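Rule-based calculations on the coordinates, nothing more; no lab input. These figures come from a predicted structure and were not determined experimentally. Positions of Cβ are backbone-derived with ideal geometry, glycine not excepted, and every protein chain shown enters the neighbour counts.
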Amino acid sequence: MSENLIIAVLAGTTREQRQSIKAARYVAEFGSHLDDVEVIFVDPKDFYFPGDGNDPEGKDARYTEITARADAFFIVTPEYNHSFPGTLKRMLDSELKNYIHKPVAIAGASNGNWGGVRAVEALVLTVREMGLAVTFTSPYFPRVQDTFSDDNRPVEDQKERIDKSIASAYDELIWMAQALKTAREG
């Protein structure tokens with residue numbers, strides 16, 4: 001590959017007590033160590049999305065630039081009330097044309113035993129409608145508050161499982177990103 005793939009890792013919430021941010025930061029760090037990959041970490045707390053939809057006044061120019069540059073996306077979403085947060089939906093809604101024919105991997109996190117599986121399932125329909133190509137490999141982080149330490153690292157007895165699931169998701173995402181980038185440029 002002649003140039004790095006750019007993967008935007010999106011954290012899914014602005015909630016003050018968010019535990020999923022630890023998983024999102026770890027997913028971003030993990031990706032930053034991969035060959036031929038540049039990771040851009042997107043924390044929705046660092047952006048402003050007024051209003052709703054894809055109207056010009058509802059965009060944050062910095063996020064628009066990231067989505068334009070990105071070859072792929074990796075979303076880490078918490079599960080709130082059997083779905084994904086409104087913050088994530090608002091952020092995603094602000095851009096549409098920059099998502100078309102780009103792949104997205106989705107990881108779920110929850111304080112309970114399910115690991116965000118219902119949030120991931122709900123999000124698949126939304127991102128597909130936005131033109132993103134959804135991968136089928138999704139890491140899950142159940143009991144995220146106990147799975148990651150305060151320095152965004154998996155606890156020792158979970159590290160091997162977590163690294164394996166993230167690596168599998170990145171493998172598929174990178175493969176799709178390369179194929180779709182070639183097709184978009186061709």
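Restricting to the stretch 137-186, give me the number of residues that are touching an Asp or Glu at 6+ places or on another chain (Cβ under 7 Å) and over 20 Å from residue 113 (Cα atoms).
2
Could you check the stretch 40-76 and list, in sequence order, the residues that are under 18 Å from the mean Cα position of the chain (by Cα) and more than 16 Å from residue 14 (Cβ to Cβ)?
Within the stretch 40-76, 40, 64, 65, 66, 67, 68, 69, 70, 71, 72, 73, 74 meet the criteria.
For the stretch 53-70, what are the residues that are in contact with an Asp or Glu (Cβ under 9 Å, 6 or more places away or on another chain), within 20 Å of residue 128 (Cβ to Cβ) and either part of a loop (DSSP other than H, G, I, E, B) or charged (D, E, K, R) (or both)?
Within the stretch 53-70, 53, 54 qualify.
Of the residues 125, 92, only one is assigned to a helix (DSSP H, G or I) and surrounded by 23 or more Cβ atoms within 10 Å (Cβ to Cβ); which?
92
Could you grab me the full set of residues in the stretch 75-126 that are in contact (Cβ under 8 Å) with a residue 40 or more places away in the chain and either at positive phi or of a type in the set (Asp, Glu) (or both)?
79, 82, 93, 95, 101, 116 - these are the residues of the stretch 75-126 that are in contact (Cβ under 8 Å) with a residue 40 or more places away in the chain and either at positive phi or of a type in the set (Asp, Glu) (or both).
Using the structure shown, decide if residue 41 is of a type in the set (A, V, I, L, M, F, W, C), outside any loop (DSSP other than H, G, I, E, B) and in contact (Cβ under 8 Å) with a residue 60 or more places away in the chain.
No.
Residues of the stretch 92-115 being touching a Phe, Trp or Tyr at 6+ places or on another chain (Cβ under 6 Å) and either of a type in the set (A, V, I, L, M) or within 22 Å of residue 26 (Cα to Cα) (or both), which ones?
104, 105, 108, 109, 115 - these are the residues of the stretch 92-115 that are touching a Phe, Trp or Tyr at 6+ places or on another chain (Cβ under 6 Å) and either of a type in the set (A, V, I, L, M) or within 22 Å of residue 26 (Cα to Cα) (or both).
How many of the residues making up the stretch 52-73 are closer than 15 Å to residue 4 by Cβ and out of contact with any Lys or Arg (no Cβ under 9 Å at 6 or more places or on another chain)?
Number of matching residues: 2.
Can you find a residue in the stretch 100-117 that is in a helix (DSSP H, G or I) and of a type in the set (D, E, K, R)?
Checked the stretch 100-117: no residue is in a helix (DSSP H, G or I) and of a type in the set (D, E, K, R).
Scan 27, 39 and give me the residue that is hydrophobic (A, V, I, L, M, F, W, C) and touching a Phe, Trp or Tyr at 6+ places or on another chain (Cβ under 8 Å).
27
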